[in-house]
Amino acid sequence: MSNLRSLTLSLAAPHAGSDQAWLPGLLHVAAAASVWPVLGGAAFVAGLLMASLASFVVFLPMVTLTLNGGEPLAAGAEAPALTQGAQAVLLGLWTLAAWGFAAVSTVSG
């Protein structure tokens with residue numbers, strides 16, 4: 001749990017090689033909000049909730065493993081800094097998840 005906390009804290013704080021913070025939560029909500037005008041508010045909420053869950057259960061751990069050379073983080077280790085490529089991949093995954101879950105919620109509901 002401390003490794004996930006370390007990763008999420010490092011996402012919202014400046015990294016050693018960077019002088020600006022990157023806030024993925026804002027991009028995550030923006031990606032999900034793009035659903036609203038097309039599929040409506042209920043689909044937006046469903047897409048945002050499921051994409052958030054997928055992000056913390058699958059996307060962030062996968063990106064962390066990739067940036068750490070395929071090795072899990074040690075107990076006291078800091079999470080690796082996100083590269084611009086990793087940020088782009090996360091944005092794409094969040095957008096696909098939000099739209100996918102939103103579309104499924106409108107079809108099944």
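The values are calculated or read from the model by the stated rules, or taken from the named source; none is laboratory data. On a predicted model such as this, the values are computed, not experimentally measured, just so you know. A quick note on method: Cβ atoms are made from the backbone with ideal geometry, for glycine too, and the neighbour counts reach across all protein chains shown.
Restricting the first member to the range 72-95 and to residues that are touching a residue at least 12 places away in the same chain (Cβ under 8 Å) and closer than 17 Å to residue 55 by Cβ, and the second to residues that are of a type in the set (Gly, Ala, Ser) and part of a helix (DSSP H, G or I), the beta-carbon pairs closer than 7 Å and six or more apart or on different chains are 79/6; 79/10; 91/31; 94/31; 94/51; 94/55; 95/31.
If the condition is being β-branched (Val, Ile, Thr) and modelled with pLDDT of 85 or more, then the range 70-106 contributes 89, 95, 104, 106. In the range 26-47, the residues that are under 13 Å from residue 97 (Cβ atoms) form no Cβ pair under 8 Å with any partner that is of a type in the set (Lys, Arg) and part of a helix (DSSP H, G or I), whether six or more places apart or across chains.
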